[in-house]
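Engineer: One structure, pasted below without further comment.
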C-alpha cells in the first residue's frame, strides 16, 4: 500500500525533473552539452532502485519521504548542472554514494533500535569527529571557516556525520534520563524549573557548541547542534524551561562571540546592513538579495537568470552550496521558491508524524531530532540568504552541492524510513482499525 | 512525548512562515528597490552580453560597432566625435541617450519585429543579437557641417534635411565630444559651461530673430493683404509702436521700398508693421502650421527634442495667450521670447522648398538583421502643409533675392543658386546668434539647411558660408 502510493507520488517528481533538465538544456545549449536527459534517466534509475530496496526491506515505510527528498535532490542537481555541469556530475556521484549508504542502512540496520546500546560509542565518535576537525580542520576555499577534513584525496565535512551520531546519542541518552530530567524542584516566574544539578547535560552541549564556534570559526554547525539538542530535550522532558534556559545561554554565548569573534561580528553587521561595504564584505549577501529580487513572482525561467559572470564564475559566491536557494529564487521566482520551502515543511511534517506514531521513546526522540535538524538547518540557511537572520554557513539539505551533506542526509533519511517501517509494520500486524493509544501519552506527565 | 513533538512542529511551521513572508517581501515588495540599487549590475551585464546592432551611415560607414571581450560587448564609435549627440551613448554607468536610447529595442534585438526572426536562433540556443540600424545621415555632409562649426570655434548647430523626404542628412552640434572617451572625460564634459553633451540641433532653443520672417511672410502673403510688390516707406530706421521703439539693423533708414526689398534687407520696421496688421491670431496660426508648439516627430528620445514656440519664464507659453500690439510687432520679427530649435528652422526651409509640404523628419532609414535583410524601412511621409504651392514659389523667389541682393550674400555660390533667409538675433551680454535658413538648388530644391552660430561676429555673417558649404556638400558639388 505505502509503496504503491510512493510509486504514484514519484511520477510527478520524475516529470518535473525531466521538464526541468530539458528547460535548462534549451536555455543554455550553447554552453552545455546534451547530458540533461541522462540526469532524468539517472533519477529514474535511482528511484527504481530505492523503491525495490524498500519493497524488499522496508515495505511499510512512509510513502512520501522518498518522493519529497527525490524532488529536492533533483531540483538541487538541476540548479548545480545549470551553474556548472562538471559539479553536477560530481554531485550525481555523491548521490549514488548516498543511495548506497541508504541501502546499506536499510538492509543492515533494520533493527535500528540496537543503536540504543551503543549510544556512548556513537556519541563519542561524533564528538571526536568534531574535535579532530576543530584541531586539524582545513579551509580549502578560504572562506575563513575550518569545516573540512582531508582524508586521502577527499575533503569531507565531518560535522555533517557527527550531527547524526550525536542525534542518535541524544535520542538514547535523553530517553534513558528523561524522568530524571523532567523533575522540577523550583519555579521561576511560575515556570517549573529543573534542579540546578540536572543542568549538566544542557551545559555540556552548550559548552561543546560554544567550543565548536570558537575553534571552527563558524556559527552554522554549532547553532544547529545546539538547536537539535534543545528540541530533543524539550520532546523528552516536555519542560519549556530547557529550551528557555538554552536560549538564554545561547544568547549569552552569541553576545560574547559577537564581541570576541571577528567572523561573528561581521556576519551580524552584514545582516544589519549589507549595503555599507557592498563591494567586499557585504557583496555576497547583497548579490544574493539582488538575485532573489530579480526572480520576482515567476522567476526568470530555468537557465535564464543572471547567475554567472562572463568568465563563468557565479555572481553570488558559493552559489552551488550555501546560496543555491538564491539561484532557485531567481530562476523559479516566488512561486517556485515557496514551493521548495513548502516541500521542506512537508519533509519536516513527515518526520514529526513518524515521531508521533513511533512506539518507543528512543524512536520518537530519534525521529523528532532528525526532523528538527532538517527544519532548523533549512531555516538557518534560507533565513540567512534572504536576510531574515544573520548568515550561518550551512548547506541546504538534499539541494546544496556537497558530498558529505548529501551522504549524511541520506543516512538520516534511512533512519526515518526504518522508524516508520517499524511503526507501520506493527500497526499492520495488530490490525489497521484498532489504532492503539500512543504509549507516550500516558507516561508524559511524569513529574 | 507527542505533545511537545506537535508543538515542535508548530514552531517549525512558524519558522517556515517567516521564511515565506521574507521571501515574498524580497521578491515582491522589495524587488524594485533591489533592482534599482546602483550596485545591482545584473541589468547592465545582461545588456552588455548582447551583441548590440551596428549603427551605419547612409553610405554604410560604421558609426557604432562592438568590441567583444570575455563575452561582453563594449561599444566602439569608429568616427569619434562625428555625430556624438545624435548617436548618443550606451554606457554601463551613465545610461543611454540619443539613438542608442531610442532605438535600443532594435539594437538589442528585443523589438517584436526583430524577435520574430530571432525565434529560431533562440530555439537553437544562439545568443541574442541586435539588429543593425542604417541612418539617413550622410557622413560627407556631416563632416562638412561639424568641421565648419569647429573651425569657427563657436557654439552652434547645423541641421540639413532632404527637401523631398525630410530625411536628416546632417545634424551637428558644437562643442562636441568623442564618444569613445566618454568615461574618461565624463566629469569634465559635465562641468563644461559650453555643454558639449547637449544636442543643440534638437535641444538648443534659440531666438530666431529675422530668420523667423519666413513664417511672418508666409502669413502675410496668404492673407492676401500683401504681395512682394507691396509698398512701404521707412524714413527714420525706427518704428514707434505704442511708445516702444523697434530698430532696424543699426537704425538704418531704407526710404521707399517693396515687401520683397524689406525681406531681402530684413527691415524690422516694415515687418513689425506687417505683424501689427496681421495680428496675433494670424501669426500664431502660421507658427502652428509650420509645426511650432509641437514636438517634431524625429526618432530621438522625446526628452532630447525641444518644442519651439513662445516661452514665458522658461516654459512654453500657450499659443493663444493674449499679447499687446507691441508684443505682436516684436513677434513678427522673431523676438518676443520666441525660441526655436535648429531642427525646427530646417523643417520650415524644407517645407518651403517642397512646395509647401512639410515632411516628417527622420534619421533612421532602415532596420536590418545581420544578414542585411531589411526588417523595417522608413517611408517618407508628409506631416503638415503649412502653405500653398504658389506661396512656396513666391517665397523661394524672395529667398533667392536675399542671397543674391540682400543680407544672405555670404551664402552665394557660383555652382548653384541658393535660397535663404538670415537672422541676427540679439542676445543680451554677448554677441548675437547668427542664423541662415535656406535650401538649394532654388529652382529644384533638394537640400534644406538651418545653421545657427552663437556669440557670432557683429556683422552676423558667420552662418551663411557654413550653410553654403553644407548645401554644396549635400549636392555633391
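Engineer: What does the helix-only formula give at 222 nm for chain B: each DSSP H stretch with n ≥ 4 adding -39500 (n - 2.57), the total divided by the residues, and the result rounded to the nearest 500 deg cm²/dmol?
Structural biologist: -11000 deg cm²/dmol
Engineer: Also, I was wondering about something else. Quick check on chain A: helices-only [θ] at 222 nm, where DSSP H runs of length 4 and up contribute -39,500 (n - 2.57) each and the sum goes over total residues. Nearest 500, please.
Structural biologist: -23500 deg cm²/dmol
Engineer: Follow-up. If we count other beta carbons within 10 Å of each Cβ, what is the order of B:378, B:258, fewest first?
Structural biologist: Exposure proxy ranking, most exposed first: B:258, B:378.
Engineer: Per-residue Cβ counts within 10 Å, from other chains only, averaged over B:13-21: what number is that?
Structural biologist: Per residue, the number of nearby Cβ atoms from other chains is 6 on average.
Engineer: So if the hydrodynamic radius of segment B:420-459 is defined as the Kirkwood radius over C-alpha pairs, what does Stokes-Einstein give as its diffusion coefficient at 10 °C and 1.306 mPa s, in µm² per second?
Structural biologist: In µm²/s, the coefficient rounds to 145.
Engineer: Provide the descending list of Cα extents for segment A:369-408 along its principal axes, expressed in whole angstroms.
Structural biologist: So the extents along the principal axes, rounded to whole Å, are 28, 23, 12.
Engineer: If we count other beta carbons within 10 Å of each Cβ, what is the order of B:352, A:46, A:272, fewest first?
Structural biologist: A:272, A:46, B:352
Engineer: For an R0 of 60 angstrom, estimate the FRET efficiency from the Cβ-Cβ distance between residue B:112 and residue B:6 and round to the nearest 0.05. Working shown, then result.
Structural biologist: Working: r = 56 Å, r/R0 = 0.94.
My answer for the efficiency is 0.60.
Engineer: Given points 7 Å out from each Cα along the Cα-Cβ axis, report the residue B:36 to residue B:385 separation in nanometres with one decimal.
Structural biologist: 4.8
Engineer: Could you order peptides B:194-202, A:77-85 by the average number of other Cβ atoms within 10 Å of their residues, highest first?
Structural biologist: Going from most to least packed, we get A:77-85, B:194-202.
Engineer: Moving on to the next point. Along the three principal axes, how long is chain A when you take its alpha carbons, biggest first, rounded to the nearest angstrom?
Structural biologist: Principal axes ranked by extent give 67, 57, 44 Å for the Cα atoms.
Engineer: If I fit a long axis through the Cα atoms of helix B:2-24 and take the longest principal axis of the Cα atoms of chain B, what angle between them do I get, 0 to 90°, rounded to 10?
Structural biologist: For helix B:2-24, the angle is close to 20 degrees.
Engineer: Related question: Please determine, in degrees from 0 to 90 and to the nearest 10, the orientation of helix B:139-152 with respect to the longest principal axis defined by the Cα atoms of chain B, where the helix direction is its Cα long axis.
Structural biologist: 70
Engineer: Follow-up question, since we're still on this one. From the square roots a ≥ b ≥ c of the eigenvalues of the alpha-carbon gyration tensor of segment A:229-382, which class results: rounded (a/c under 1.5), prolate (a/b over b/c), or oblate?
Structural biologist: Oblate, since a/c reaches 1.5 and b/c is not below a/b.
Engineer: Right, something else. From the alpha carbon gyration tensor of segment A:49-112, can you work out the equivalent ellipsoid semi-axes (sqrt of 5 times each eigenvalue) and give them in Å, largest to smallest? Walk me through the numbers on the way to the answer.
Structural biologist: Details: eigenvalues 138, 35, 11 Å².
Its equivalent ellipsoid spans semi-axes of 26, 13, 8 Å.
Engineer: Mind pulling the angle between the C-alpha long axis of helix B:389-405 and the longest principal axis of chain B? Nearest 10 degrees, somewhere in 0 to 90.
Structural biologist: 70
Engineer: For all pairs of alpha-carbon atoms in chain B, what percent lies in each bin of width 20 Å, listed from the first bin to the last filled one?
Structural biologist: The distribution over chain B is 23, 47, 21, 7, 2, 0, given as percents.
Engineer: Based on the alpha carbon coordinates of segment A:265-345, what radius of gyration and maximum Cα-Cα distance (Dmax) apply, in Å?
Structural biologist: 13.0, 37
Engineer: Calculate the FRET efficiency for residue B:14 and residue B:377 from the Cβ-Cβ distance with a Förster distance of 60 Å, rounded to the nearest 0.05.
Structural biologist: Plugging the Cβ-Cβ distance into 1/(1 + (r/R0)^6) gives 0.45.
Engineer: Suppose we take every Cα in segment A:246-293 and form the convex hull; what volume per residue is that in Å³?
Structural biologist: 84
Engineer: Just report the Cα centroid separation between segment A:326-354 and segment B:41-106, whole Å.
Structural biologist: Result: 43 Å between the Cα centres.
Engineer: Apply the a/c threshold of 1.5 to the C-alpha gyration tensor of segment B:48-118 and tell me whether it is rounded, prolate or oblate.
Structural biologist: Rounded is the answer for segment B:48-118, as its axis ratio a/c remains below 1.5.
Engineer: Relative to a virtual label point 7 Å from the Cα of residue B:428 in the Cα→beta-carbon direction, which members of segment B:296-318 show backbone nitrogen distances below 13 Å?
Structural biologist: In segment B:296-318, the label zone of residue B:428 (backbone N under 13 Å from the point 7 Å along Cα→Cβ) covers B:313.
Engineer: Under a plain spin-label model, where a point goes 7 Å from the Cα along Cα-to-Cβ, how far apart in nm are residue B:303 and residue A:89?
Structural biologist: 5.1
Engineer: Using a Förster radius of 45 Å, what is the FRET efficiency between residue A:5 and residue A:120 based on their Cβ-Cβ separation? Nearest 0.05, please. Mind showing how you got there, number by number?
Structural biologist: Numbers: r = 39 Å, r/R0 = 0.86.
Plugging the Cβ-Cβ distance into 1/(1 + (r/R0)^6) gives 0.70.
Engineer: Which of the three applies to segment A:169-266, rounded, prolate or oblate, going by the alpha-carbon gyration tensor with a ≥ b ≥ c and a/c under 1.5 meaning rounded?
Structural biologist: prolate
Engineer: Please arrange A:280, B:366 by how many other C-beta atoms lie within 10 Å of their C-beta, fewest to most.
Structural biologist: Least crowded to most crowded, the residues run A:280, B:366.
Engineer: Could I ask something else about it? Quick one: check the C-alpha center-to-center distance for segment A:2-81 versus segment A:208-232, whole angstrom.
Structural biologist: Comparing the Cα centres of segment A:2-81 and segment A:208-232, I get a distance of 33 Å.
Engineer: Another question about this same structure. Is there a simple number for the mean count of other chain Cβ atoms within 10 Å of the Cβ of residues in A:333-340, and what is it?
Structural biologist: Partner Cβ neighbours, averaged per residue: 3.
Engineer: To the nearest Å, what is the center-to-center distance of segment B:240-254 and segment A:382-434, using C-alpha atoms only?
Structural biologist: Using only Cα atoms to place each centre, the spacing works out to 97 Å.
Engineer: If we sort A:14-25, A:49-60, A:382-393 on the protection proxy, mean other Cβ atoms within 10 Å, highest first, what's the order?
Structural biologist: Those peptides, ordered most packed to least, come out A:382-393, A:14-25, A:49-60.
Engineer: Per-residue mean of other chain beta-carbon atoms within 10 angstrom of the beta-carbon, peptide B:36-45?
Structural biologist: For this peptide, the per-residue mean of nearby foreign Cβ atoms is 5.
Engineer: Rounded to the nearest whole Å³, what is the per residue volume of the convex hull around the Cα atoms of the protein assembly as shown?
Structural biologist: Roughly 211 Å³ of hull volume per residue.
Engineer: Taking 0.36 nm per intervening residue step and subtracting the Cα-Cα distance, what contour gain separates residue B:245 from residue B:185 on full extension?
Structural biologist: Taking 0.36 nm per residue and subtracting the Cα distance, the gain is 16.8 nm.
Engineer: Evaluate the distance, in nm, between pseudo-label points positioned 7 Å from the Cα of residue B:455 and of residue A:52 along their respective Cα→Cβ axes.
Structural biologist: The two pseudo-label positions are separated by 9.0 nm.
Read the figures in this text as sums done on the coordinates, not as results from a lab. The structure displayed is predicted, hence computed values, not measured ones. Methodologically, a virtual Cβ is constructed for each residue, glycine included, from the backbone with ideal geometry; neighbour enumeration extends over all protein chains shown.
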